[in-house]
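Let me begin by presenting the structure, written as C-alpha cells, before commenting on it.
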Amino acid sequence: MIDNKRILFSGMQATGNLTLGNYLGALKNWLTLSDKYQCFYSVVDLHSITVRQEPSELRKRARALLTLYIAAGLDPEKNCIYYQSHVSGHGELAWILNCFTYMGELNRMTQFKDKSAKHADNINAGLFTYPVLMAADILLFQTDVVPVGIDQMQHLEITRDIAQRFNGIYGDVFTIPEPYIGEVGAKIMSLQDPLKKMSKSDENPNASIYLLDDPDTIIRKCKRAVTDSEGMILYREEQPGIKNLIDIYCACTNKTPEDVVKEFDSKGYGEFKMAVGESIVSVLKPVWDKMEKLSKEKAYIDQVIKKNGEKADYYAKKTLRKVQKKVGFPERIS
Ligand code: TYM
C-alpha cells in the first residue's frame with residue numbers, strides 16, 4: 001500500500017513500433033485503473049536489449065514511448081512513469097531472484113522458445129532470464145495487480161511462483177501479484193492471420209496496425225483484413241477474422257459483441273471493415289494530437305523523467321534493502 005492505495009505495476013518494451021494490440025490489450029486498461037491504484041508504469045528498456053538494438057534508435061523510441069504513456073492520458077503527477085534503466089534496483093533484484101529460479105522453469109517459457117527461434121544467432125542469457133527481470137520489476141514495488149495482455153500470463157505465473165518460493169524461505173517479503181486481463185482486447189490478432197497474435201515484429205506490415213500509422217493506412221489495413229466467405233457478421237470461433245474485427249470494434253467503441261452483431265445484421269463485410277477502421281482512428285486521433293504537442297515540450301518531459309525516476313527509485317530501494325537483509329548481505333554503514 002502507498003497512501004492507502006493498492007499498487008499496480010506494468011510496462012512496455014520500447015522495441016519496434018507499438019501496435020493496436022499494445023494499446024487495446026494494455027495501455028487502454030491502464031487508463032481505467034489509474035485512479036484506483038498507486039501506479040508504476042515503466043518503459044522497460046533493460047528488457048529491450050535482449051535483442052540487439054541500435055543505441056540511438058533505442059533512446060529515441062524509449063522517449064517516444066514514455067511520451068506516449070502521457071499522451072494516451074496517464075497523468076505523470078499521479079502515475080509514476082519512468083525508465084527501468086534509471087532505477088538500478090530492477091537489475092539488482094533480478095540477480096537475487098535468478099538464484100531462486102530454476103532452469104527447468106525458464107526452459108518452459110513459450111516466449112523464450114519463440115524468440116530464440118526468431119533470433120537464432122543471438123540466444124543470449126538475458127533472453128533466457130528475461131522472465132526473472134520481469135518478476136523483479138513487479139516484486140520490487142510490492143505490486144498487487146499487473147494489467148497485461150494474455151501473452152504475458154505465463155510470465156505472471158512464474159513471477160508468482162518465484163515470490164511464493166522466496167516468501168516460503170524468508171517469511172512474507174513480497175506481495176503476491178494478481179494479473180489483470182481486460183474484458184475486451186486482451187488478445188488482438190493479426191489482420192492477415194487471425195489465428196496469430198498481432199505483433200510488433202510481424203514481417204507483413206498489413207498484419208498489424210501501428211499506433212503511429214496515419215488514418216488512410218489504418219483504413220486500408222482494415223479493408224485488407226483477412227476474413228472468410230460466410231458473408232455474415234457473427235461473433236464465433238469459426239470466423240476468427242470477423243471475430244477479431246468485432247473485438248477491435250468493441251474495444252474502440254465500448255460496445256458489446258451482441259450490439260455489434262445487431263448493428264451490422266444484413267450489412268456487408270466492406271461496410272463493417274470501414275466502421276472498424278474509423279473507430280480505431282477516432283480512438284487514436286486524440287493520442288496523436290497530444291503526442292505532437294508533447295514532443296515540443298522537452299523541459300516538461302525531462303522533469304517528468306527526473307521526478308518520477310527518483311520516486312520509483314525510492315520505493316524500489318525500500319524493497320531491495322529488505323530483500324538484501326533477508327538473504328544475508330551485510331548492513332550498510334551510514
Ligand atoms: P510488450 O512490450 O511485448 O507488450 C506490452 C503490453 O501489450 C500487450 N500486448 C497485447 N495485448 C493484446 N493483444 C496483442 N496482440 C498484444 N500484444 C502485446 C502485452 O500483453 C503487454 O501487456 N515483457 C513485457 C513487458 C514487461 C512487463 C513487466 C509487463 C516487462 N516487465 C512487468 C508487465 C509487468 C513485454 O514485452 O510486453
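Worth a mention:
- With Cα atoms, 0 to 90° folded angle of helix 55-71 axis to the chain main axis: 70
- Tyr314-Asp75 FRET efficiency (beta carbon distance; Förster radius 30 Å; 0.05 resolution): 0.95
- Taking the C-alpha atoms only, the angle from helix 298-327 to the longest principal axis of the chain is near 50 degrees.
- Proximal aspartates and glutamates relative to Lys326, as straight alpha-carbon distance under 19 Å, when same-chain residues fewer than 8 apart are discounted: Glu92, Asp137, Asp161, Asp172
- Checking the cross-link pairs Lys78/Lys115; Lys187/Lys285; Lys196/Lys273; Lys28/Lys200; Lys223/Lys296; Lys60/Lys307 against a 24 Å limit on the alpha carbon distance flags Lys78/Lys115; Lys223/Lys296 as lying beyond it.
- Selected from Asn107, Asn22, Asn244 as most flexible by GNM, with the chain as the system and alpha-carbon contacts under 10 Å: Asn107
- When you count the other C-beta atoms within 10 angstrom of each residue and take the mean per peptide, 273-280, 2-9 line up highest first as 273-280, 2-9.
- Net charge, Asp144 excluded, C-beta distance under 11 Å - Lys, Arg +1, Asp, Glu -1: +2
- Approximate spin-label separation Ser282-Arg165, in nm, with each point projected 7 Å along Cα-to-Cβ: 5.0
- Angle between the chain longest axis and helix 153-170 axis [Cα atoms, degrees, rounded to 10]: 20
- In the chain, the DSSP beta bridges split such that about 20 percent are antiparallel, to the nearest 5.
- Each residue in Ser10, Ser199 was given a count of other beta-carbon atoms within 10 angstrom of its own, and listing them fewest first yields Ser199, Ser10.
Where a number appears in this text, it was derived from the coordinates with a stated rule and is not lab data. On a predicted model such as this, the values are computed, not experimentally measured, just so you know. Because the Cβ atoms are built from the backbone with ideal geometry, glycine has one as well, and the counts that use them run over all protein chains shown.
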